[in-house]
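Report on one structure; see the data block that follows.
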Amino acid sequence: MAKKSLIQREKKRKKLEQKYHLIRRSLKKERSKVPSLSDKWEIHGKLQSLPRNSAPTRLHRRCFSTGRPRANFRDFGLSGHILREMVQACLLPGATRSSW
């Protein structure tokens, strides 16, 4: 189980990203339309003045049940070992173990 503080930090980043998403997108669109370099630098400064944790690249997927940050499967939202346990227990419909 991941530390509760790390999970809360991820939730805070997700909330900040949603809050500043439209502002960030409009600034980027505006920056691409402006022809002069000085105006682009000005808009770039505005982008940098936004909180760092509002950037979408700072978000990290975590396992839904354990909070593990690595080896996550996007389709299920689970980490590898939890996914394997659930497939073996037949808790995920349609998922089968591979055998050859």
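Every read-out reported here was derived from the displayed coordinates using simple, explicitly stated rules and does not represent laboratory data. Keep in mind that what you see is a predicted model, and the values were worked out from it rather than measured. Here Cβ is always computed from backbone atoms with ideal geometry, including for glycine, and neighbour counts include all displayed protein chains.
Taking a cut-off of 19 Å, what percent of all Cα-Cα pairs in the chain are separated by more than that?
59 percent
Pairs of lysines 8 or more apart, or on different chains, with alpha carbons under 21 Å: count those in the chain, would you?
Taking the Cα cut-off of 21 Å, the pair count is 20.
What is the list of residues in region 13-28 whose amide nitrogen lies under 20 Å from a point 7 angstrom out from the Cα of K40, following Cα to Cβ?
Those under the cut-off are 24-28.
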